[in-house]
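Read the structure below first, then the notes.
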Amino acid sequence: MSTLPPSFPGYYVPPFSMKFRVLHNIPKTKAISLQWHHPSTLYLFAITALLFILLSLLSYAKASETHNNKTSSPFEFLDHLKGCHKGDKVQGIQDLKKYLEKFGYLNGNTNNDDYFDDELESTIKTYQINYHLKITGTLDAKTVSKMEMPRCGVPDTYHLTYGFLQGTPSEAVGAVARAFATWQGNTHFTFSQAQSFESADLKIGFGRGDHGDGANNAFDGPGKTAAHAFWPTDGRFHYDADETWVVGAVPGGVDLETVALHEIGHLLGLGHSSVPGAIMLPEILIGVTRQSLHADDIQGIRALYNT
Ligand SMILES: [Ca+2]
Ligand SMILES: [Zn+2]
Ligand SMILES: [Zn+2]
């Protein structure tokens, strides 16, 4: 119950009050109470109920038999793709791509062909992470049967695009792209570079001092604040241009990718963590590099999005 959105308080209150009213309105006549306590009626009722359960079990068994003989899943086209893996070219892979696109695992820019490419492999991995399947990147039997199950039409995943302010150095672009790939590999999110900065969901760049986010968000020269990002759905992530930015573990330098991992966490809605080793710790370490998330970061995002 605690998971119900606070905006729906009336959702579960009316049924309760209605039940109360009905119960109170039942006249306490002898007929009703006697019927339920009379042993022979109770036996009769129990036998009828048992028969009913048996009958429904029988018809269920019959139904699943027919189901096994003749697949009735709307996604049965996936059946003959069982065992497909990267490098394969099989008719029907195109439909698989459409399926994954429909449910939010691929964006519209996919190669619409029957070729099992790198992108399809990583997409299937994301699907397998999402459904707690073994991460094989291939269309193994378990993955196919999961995909064939009747499902809700609302997409599972969130695809976000990112763009860079003009003049962003290529080292930063590469580092941020790697950080997005790390988050993509561990969550139900997928990311790709936007066609233009304006159209991007997430906007990344460097700023110095007061850089247009308001005086409260001005950067502070070398040291102290190294970067910041805004909560969803704002999407802004800025590096302080006055820091010594580096790629990798360089003494005295701040690693672009490590900081990007942290700031992307904020872009997705995570706050700071106090768990040692978490990327979401507020302290940014100088001269070190981190290229993976901590279990605490992954748990945080799963809890936040209920995945
Ligand atoms: Ca600073
Ligand atoms: Zn800023
Ligand atoms: Zn932070």
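The values are calculated or read from the model by the stated rules, or taken from the named source; none is laboratory data. No experiment lies behind these values; they were computed from the predicted model shown. Cβ atoms come from the backbone with ideal geometry, glycine included; neighbour counts cover every protein chain shown.
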Do any residues in the stretch 213-238 that are assigned by TED's automatic domain parsing to the domain that holds GLY271 and free of Cβ contacts under 8 Å to residues at least 24 places away in the same chain have Cβ atoms under 7 Å from those of residues that are away from ligand 3 (no atom under 12 Å from the Cβ) and part of a strand (DSSP E or B), where the two are at least six apart or on different chains, and which pairs are they? PHE219/GLY207; PHE219/ASP240; THR225/ASP240
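Could you go through the stretch 290-297 and let me know if any residue there is within 16 Å of ligand 1 (Cβ to nearest atom) and crowded, with 16+ Cβ neighbours inside 10 Å. Break it down stepwise before answering.
Step one: filter the stretch 290-297 for residues within 16 Å of ligand 1 (Cβ to nearest atom), giving none.
There is no residue in the stretch 290-297 that is within 16 Å of ligand 1 (Cβ to nearest atom) and crowded, with 16+ Cβ neighbours inside 10 Å.
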Select from the stretch 188-212 the residues that are surrounded by fewer than 13 Cβ atoms within 10 Å (Cβ to Cβ) and either in contact (Cβ under 8 Å) with a residue 60 or more places away in the chain or more than 11 Å from ligand 1 (Cβ to nearest atom) (or both) and list them in ascending order. GLN195, SER196, GLU198, SER199, ASP210, GLY212
Single residue of ALA200, ALA194, ALA172, ALA181 found to be closer than 16 Å to GLU119 by Cα and either touching a Phe, Trp or Tyr at 6+ places or on another chain (Cβ under 7 Å) or modelled with pLDDT of 95 or more (or both): ALA181
For the stretch 266-274, state whether one or more residues are assigned by TED's automatic domain parsing to the domain that holds THR168, within 16 Å of ligand 2 (Cβ to nearest atom), out of contact with any Leu (no Cβ under 7 Å at 6 or more places or on another chain) and more than 20 Å from THR182 (Cβ to Cβ). no
Run down ILE279, ILE264 and say which single residue is in contact (Cβ under 8 Å) with a residue 60 or more places away in the chain, under 30 Å from ASP118 (Cα atoms), away from ligand 1 (no atom under 14 Å from the Cβ) and not small (Gly, Ala, Ser). ILE264
